[in-house]
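The values are calculated or read from the model by the stated rules, or taken from the named source; none is laboratory data. All figures in this text were calculated on a predicted structure; none of them were measured in a lab. Note: ideal-geometry Cβ built from the backbone for every residue, glycine included; neighbour counts use all protein chains shown. Surface areas here come from the heavy atoms of the whole protein model, side chains and all, with no ligands, DNA or RNA. Shrake-Rupley method; radii C 1.70, N 1.55, O 1.52, S 1.80 Å.
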Amino acid sequence: MSTRLIVVSNRLPLALRKSEDGVWVTEKSSGGLASAMNPLLRNTGGIWIGWSGDTADEHDEQRRAVLRDWARNEHCFAIELPAEVATGFYEGFANQTLWPVFHYFPSQLRFDPKEWDAYVEANRIFCQAVVDQYRSGDLIWVHDYQLLLLPQMLREVLPDAAIGFFLHIPFPSSEVFPILPRREDLLKGLLGADLLAFQTHGHLQQFRSSLLRVLGLESRVAEIGLGGRAIRLEALPIGIAPDEYTNLLVGDQATEQHYTEWVARYAGRKVVLAVDRLDYTKGVPERLRAYARLLRSATELKENIVLIQIAVPTREGIDTYQDLRTEVNQLVGEINGKLGTPDWTPVVYINRAIEREELVALYKLADVCWIGPLRDGMNLVSKEYVACKADGGGVLVLSEFAGAAAEMGEALLINPFDEERTAAVVARALTLDEQERRDRMRALHGRVVRNDVFHWGDRFLAALEEAASARGRYADTQPRRVRISEIQEAYLRASRRLLILDYDGTVVPFADFPQQAAPPPTVLKMLASLAADSSNCVALTSGRRIRDMDQWFGRVEGLWLIAEHGAEFKQPGSSSWESLRSPAKADWKASVMPILEHFVDRTPGSFVEEKDYSLVWHHRLAEPEFGVWLANELVSMLEAMLAETELRATRGANIVEVKPVWANKGEAFTRLQEAQPHADFLFAVGDDRTDEDLFERMPDGAWTVHVGPGSTGAAFVAPDFESVRRLLGIFAEAGTSAGAHGRSLP
Ligand code: ADQ
């Protein structure tokens with residue numbers, strides 16, 4: 001790999017510690033992330049940027065020397081954060097606002113605007129550090145929820161940089177995400193990236209619904225189109241470095257010694273293992289209560305089982321974590337006091353970090369590993385345990401709310417909130433038939449080893465390189481202003497033309513009520529003169545009903561009329577309308593109407609329009625921000641409800657429309673091509689989502705024009721309906737006038 005990688009994460013894989021004799025020393029952490037990043041950094045000559053994790057005196061010469069050594073020898077560049085910024089950013093906004101909401105604990109949310117300022121400031125300091133190190137062509141990989149604003153900050157300074165972001169924690173549902181103060185800024189912060197990757201498809205989908213609900217931004221399964229560029233979306237579940245665990249299983253003395261000691265201590269007993277950071281998302285009290293329930297109900301387990309709970313202290317400066325610690329201590333005390341015997345301690349509680357050798361010894365020993373988070377991005381302990389069970393021994397009990405559950409279907413899944421059933425599943429795990437146990441564990445083991453953290457890193461970087469290189473191509477495909485001389489020349493040269501014109505918002509402005517948008521005489525005259533040219537086939541398309549179209553345009557000779565977004569059409573000279581397909585049974589309206597009516601009740605000034613093929617909720621007269629917000633909510637609600645049907649809900653200019661997928665202008669285009677085959681000038685103009693179906697269907701080289709702001713697949717853009725009218729006026733006169741060279745639409 002030739003491009004250099006810059007990894008940016010809150011913490012570096014190195015930490016500063018002051019030893020007892022007052023000297024600053026380096027501590028290395030060997031987490032899965034460091035294992036994954038190190039080879040990538042080595043191969044690319046890359047660097048890692050992160051906070052030193054310490055706010056002591058920056059000017060201390062010996063401390064500075066340690067950090068210089070990190071930069072020179074470890075390629076780790078430490079960021080310094082002023083103490084008050086660090087606290088507000090890390091303990092404050094990141095861990096007391098974002099962390100609880102992203103893990104579905106809104107009740108734990110605490111928000112202080114000053115901490116938000118610190119979060120912004122910290123992201124800015126990170127941004128500056130990256131900019132200082134950046135060289136053209138580098139790939140920047142930003143990690144996790146502490147740095148949600150960084151991608152956009154970087155994009156503003158380094159518009160051409162390749163920026164990828166990976167979220168290690170879950171992305172919450174669009175019901176929960178909007179609870180977050182500053183939610184818009186957070187989403188916009190992420191949108192600076194070329195690639196956004198999540199642990200699971202579920203998280204990715206939830207992110208997309210939040211984008212829609214909070215910013216009104218529509219996206220596709222794997223891409224967000226932002227006008228000038230696209231952001232790629234990926235689900236990339238993180239893995240572990242299996243060898244770092246399995247290598248200790250054979251021939252490592254320390255591991256062997258720990259194992260022998262533990263075996264001797266618990267000989268004859270079933271060992272259930274739990275390993276967590278002591279965080280309220282990990283479900284430690286829930287596990288202890290379920291365990292107590294199990295012991296009470298299965299008396300045969302008395303003196304025959306032990307739960308080893310390892311809990312690493314974490315974020316101890318935050319009150320909730322202190323409360324959790326107290327609660328866990330009490331529960332352990334209660335279980336051991338009430339259910340234990342002089343020869344038996346049912347829970348062995350170890351409230352500290354343990355060495356990797358001891359951890360592996362415990363993985364080897366454990367008959368069951370009980371992973372019970374109430375919510376977790378992935379959960380690596382589940383994978384580490386499985387990696388140590390190559391022989392197919394051991395059973396994994398796994399919470400369905402851990403990201404890992406999405407790919408570890410052979411585990412015994414639990415809902416950790418249901419203590420009774422969880423206890424029953426653990427009881428089953430303890431007595432699982434040997435064949436079933438091996439089958440399940442072998443399938444899990446194969447997958448954990450295959451999808452390791454190196455594979456994950458490579459996939460992320462490949463996707464990032466691809467997304468960044470697609471950016472250049474994407475920019476080339478962006479629409480440009482129509483140059484009048486150019487289009488006029490093409491128009492004049494052509495001998496068979498097909499012109500497809502949208503009506504509302506394209507040749508007339510929007511009116512408050514649909515009925516008020518009757519065409520002015522100038523528009524009728526212009527349409528008539530375009531249709532009168534024998535080289536032209538002119539179609540007026542609209543989402544409107546047949547009645548409106550007939551009433552307004554029925555007398556314009558030679559004009560094709562297309563109503564209800566393409567579901568109905570009328571040929572020139574014909575007195576009757578034809579359907580593109582036989583009308584679908586409209587019984588769906590009975591179930592969708594009450595929802596739209598509910599939105600009418602919630603939104604003063606909004607109303608529902610019923611057409612033959614569709615239902616439309618109009619919110620033009622509603623308070624603008626409220627209307628848009630509700631429209632987003634309505635679309636996300638309907639999207640889920642209509643997913644399995646042929647109906648789709650789309651947002652238009654101040655409307656939400658529900659109609660069958662096939663009733664679209666793209667379908668109508670096929671019909672018009674039959675009427676005007678071999679056209680050498682194809683022109684289509686429109687302003688909203690429904691016109692995109694048409695643009696998409698038209699061949700390369702067609703003159704597709706999108707009116708107004710917003711993203712589009714059209715080749716050209718025009719600013720407003722007036723500019724469209726001017727253009728059509730020029731077409732109408734084209735045969736006689738030769739002027740207008742080199743002008744473009746204003
Ligand atoms: P974490 O919330 O830290 O990570 P997890 O994935 O379980 O959660 O990783 C914990 C790591 O710490 C594991 O490697 C484990 O072995 C180690 N560990 C736990 N207890 C220990 C102890 N007592 N002593 C020593 N080591 C211990 C965040 C997200 C997760 C996501 C990871 C990686 O919250 O959902 O899986 O990032 O993306």
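Of note:
- Long-range neighbours under 6 Å by Cβ, at least six apart or interchain, first residue in a strand (DSSP E or B) within segment 267-283, second near the ligand (Cβ under 9 Å from one of its atoms): Val275/Ile310; Val275/Val381; Asp276/Lys282; Asp276/Ala311; Arg277/Val312; Arg277/Thr314
- Matching residues, segment 40-62, being crowded, with 19+ Cβ neighbours inside 10 Å and part of a helix (DSSP H, G or I): Leu40, Leu41
- Of all residues making up segment 225-250, the number that are at pLDDT 90 or above and outside any loop (DSSP other than H, G, I, E, B): 9
- In the set Asp504, Asp433, Asp458, only one residue is closer than 27 Å to Glu564 by Cα and either open to solvent by 10 Å² or more (accessible area, probe 1.4 Å) or of a type in the set (Asp, Glu) (or both); that residue is Asp504.
- Here Pro172 clears all of (1) within 16 Å of the ligand (Cβ to nearest atom); (2) part of a helix (DSSP H, G or I); (3) not β-branched (Val, Ile, Thr) except the condition numbered (2).
- Within segment 340-369, being within 14 Å of Asn304 (Cα to Cα) and among the polar types (S, T, N, Q) holds for Thr341, Thr345.
- Listed conditions (1) of a type in the set (A, V, I, L, M, F, W, C); (2) open to solvent by 40 Å² or more (accessible area, probe 1.4 Å); (3) more than 22 Å from the chain's Cα centre (by Cα) are all met by Leu109, apart from (3).
- Against the list (1) in contact (Cβ under 8 Å) with a residue 24 or more places away in the chain; (2) within 16 Å of the ligand (Cβ to nearest atom); (3) over 23 Å from the mean Cα position of the chain (by Cα), the condition Pro237 fails is (3).
- Meets criteria (within 27 Å of the chain's Cα centre (by Cα), under 24 Å from Gly283 (Cβ atoms), surrounded by 18 or more Cβ atoms within 10 Å (Cβ to Cβ) and of a type outside the set (Phe, Trp, Tyr)) for Ala468: no
- When the criteria are applied in full, Thr260 fails the requirement of being of a type in the set (S, T, N, Q), outside any loop (DSSP other than H, G, I, E, B) and in contact (Cβ under 8 Å) with a residue 60 or more places away in the chain.
- For segment 70-103, the set of residues classified as of a type in the set (Ser, Thr, Tyr), crowded, with 21+ Cβ neighbours inside 10 Å and over 20 Å from the mean Cα position of the chain (by Cα) consists of Tyr90 only.
- Test for Phe695: is it assigned to a helix (DSSP H, G or I), touching a residue at least 60 places away in the same chain (Cβ under 8 Å) and either surrounded by 20 or more Cβ atoms within 10 Å (Cβ to Cβ) or basic (Lys, Arg) (or both): no
- In the set Ala71, Ala65, Ala36, Ala15, only one residue is among the aliphatic types (A, V, I, L, M) and in contact (Cβ under 8 Å) with a residue 60 or more places away in the chain; that residue is Ala36.
- Within segment 204-224, the set of residues being over 10 Å from the mean Cα position of the chain (by Cα) and not in a loop (DSSP other than H, G, I, E, B) comprises Leu212, Arg213, Val214, Leu215, Arg220.
- Matching option when the condition is touching a Lys or Arg at 6+ places or on another chain (Cβ under 7 Å) and in a loop (DSSP other than H, G, I, E, B), among Glu410, Glu420: Glu410
- Test: residue in segment 261-278 that is away from the ligand (no atom under 16 Å from the Cβ), surrounded by 21 or more Cβ atoms within 10 Å (Cβ to Cβ) and of a type in the set (Ser, Thr, Tyr): no
- Phe599, sole failed condition from (1) under 26 Å from Arg220 (Cα atoms); (2) open to solvent by 20 Å² or more (accessible area, probe 1.4 Å): (2)
- Consider segment 611-625 and keep the residues that are touching a helix residue (DSSP H, G or I) at 6+ places or on another chain (Cβ under 9 Å) and more than 18 Å from Leu642 (Cα to Cα). The one that is surrounded by the most Cβ atoms within 10 Å (Cβ to Cβ) is His618.
- Identity of the residue in segment 507-536, part of a loop (DSSP other than H, G, I, E, B) and among the polar types (S, T, N, Q), that ends up surrounded by the fewest Cβ atoms within 10 Å (Cβ to Cβ): Ser534
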